[in-house]
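Notes for the one structure printed next.
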Amino acid sequence: MENKNIPVHVSIIMDGNGRWAKARGKDRVYGHFEGVESVRACTEAAVEDGVKYLSLYAFSEENWNRPADEVATLMKLMMKSIRDEVSTLMDNGVRFVVLGNRERLGEELCKAIDELMEMTAHNSRMTLIVFLSYSGKWDIMQAMKKAAAELSPEEFQAMKAEDFDRYLVTAGIPDPDLLIRTSGEERISNYLLWQSAYTEFVFSDVLWPDFRKPQFREALAEYARRDRRYGKVK
Ligand code: IPE
Ligand code: IPE
Ligand code: MG
């Protein structure tokens, strides 16, 4: 499918793993395992279609409130994926970035993340961003504190919205053009609150483990049909 109006930054709230597993009479974690395949498929499609930034909401700050065994499985899965995907990322020229509140992440996981980020830092075909232990309100709060610590009171008062961007953990990354949420839920769930001010939203009823290349490309096609006005008259 030829699609000219390709978004620079596509972001996905990957939702519905638990329901996918439940529908098959399986434990929720099977949905997470199968969801990893969808991450692989969508990453591949994004690279092939010329998307420059693909970001994925993998684990929210609120998700720490899930049962301990589910949290542990998700963290182990993250660790395993990092180990398994190194060569694919390198082969495809993908830069890997993890963003979020690191305070509650294990030392071993942080080390693995840093190693993969360093190893892929010079890849330039696409940037894959994984939001882990992230929330939009947390990001805005940490940015505000950083700005307050760095700037004089006068500079702080004079700060404009554009100046604030560089204190967010997404500094240097363009705001998402397209945000996809799977599984039929139509909410932001404390994701990129500041950065999604003018993002186009596409909601899909498909559960994340079933969201593969065709569904990803359908969302891109839907985006291409949108008319972005940014408050102006066209
Ligand atoms: C998304 O699937 C994965 C994470 C939030 C980590 P869910 O686990 O939220 O699946 P549902 O929404 O319960 O079906
Ligand atoms: C949002 O999904 C977070 C991620 C996909 C990582 P949730 O399943 O946690 O969201 P809610 O609780 O339904 O809003
Ligand atoms: Mg969910």
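Estimated at 0.36 nm per residue, the fully extended path between residue 33 and residue 234 surpasses their Cα-Cα distance by 67.8 nm.
Given a Förster distance of 41 Å, report the FRET efficiency between residue 23 and residue 121 from their Cβ-Cβ distance, rounded to the nearest 0.05.
On the way: r = 40 Å, r/R0 = 0.98.
Calculated transfer efficiency: 0.55.
Per-residue Cβ neighbour counts within 10 Å put 185, 103 in the sequence 103, 185, beginning with the fewest.
In which sequence would 43, 88 go, from the one with the fewest C-beta neighbours within 10 Å to the one with the most? Provide the component values of the computation, followed by the final result.
Details: 43 21, 88 13.
Fewest-to-most Cβ neighbours within 10 Å comes out as 88, 43.
Counted residue by residue at 0.36 nm each, then reduced by the alpha carbon distance between them, the extension gain from residue 87 to residue 163 reaches 23.7 nm. Taking amide H positions as modeled 1.01 Å from N, with prolines and chain starts lacking one, the residues under 5 Å from residue 180 and 5 or more places away or on another chain are 11, 12, 13, 202.
Helix by helix through the chain, keep the DSSP H runs that span 18 Å or more along the axis on Cα and average at least -1.0 on Kyte-Doolittle, and give those back in order. What comes out of the filter, once short or polar helices are dropped, is 28-49, 68-91, 107-120, 136-150.
Under a 5 Å amide H cut-off, with hydrogens placed 1.01 Å from N, residue 130 pairs with 56, 97, 98, 99 among residues at least 5 apart or on other chains. From the largest down, segment 31-160 spans 49, 38, 24 angstrom on the principal axes of its Cα atoms. For the residues 52, 80, 160, a GNM of the chain with alpha-carbon springs under 10 Å puts the largest fluctuation on 160. Converting phi to 3J(HN,Hα) with the Karplus coefficients 6.51, -1.76 and 1.60 and the offset θ = phi - 60°, segment 183-195 yields 6, x, 6, 10, 8, 8, 6, 6, 8, 6, 5, 5, 6 Hz in sequence order, with x at every glycine or proline. Once you place label points 7 Å from the Cα toward the Cβ at residue 146 and residue 205, how far apart are they in nm? The modelled label-to-label distance comes out at 4.1 nm. Report the far tail of the P(r) of segment 94-234, meaning the percent of Cα-Cα pairs longer than 19 Å. Roughly 64 percent, rounded to a whole number. For 134, 30, 53, the sequence from fewest to most other C-beta atoms within 10 Å is 30, 53, 134. Taking 0.36 nm per residue of separation and subtracting the current Cα-Cα distance, fully stretching the chain between residue 185 and residue 76 would add 36.6 nm.
Computed from the coordinates by the stated procedures, all read-outs in this text should not be read as laboratory data. Note that the structure is a prediction, hence the values are computed from the model and not measured. Note: ideal-geometry Cβ built from the backbone for every residue, glycine included; neighbour counts use all protein chains shown.
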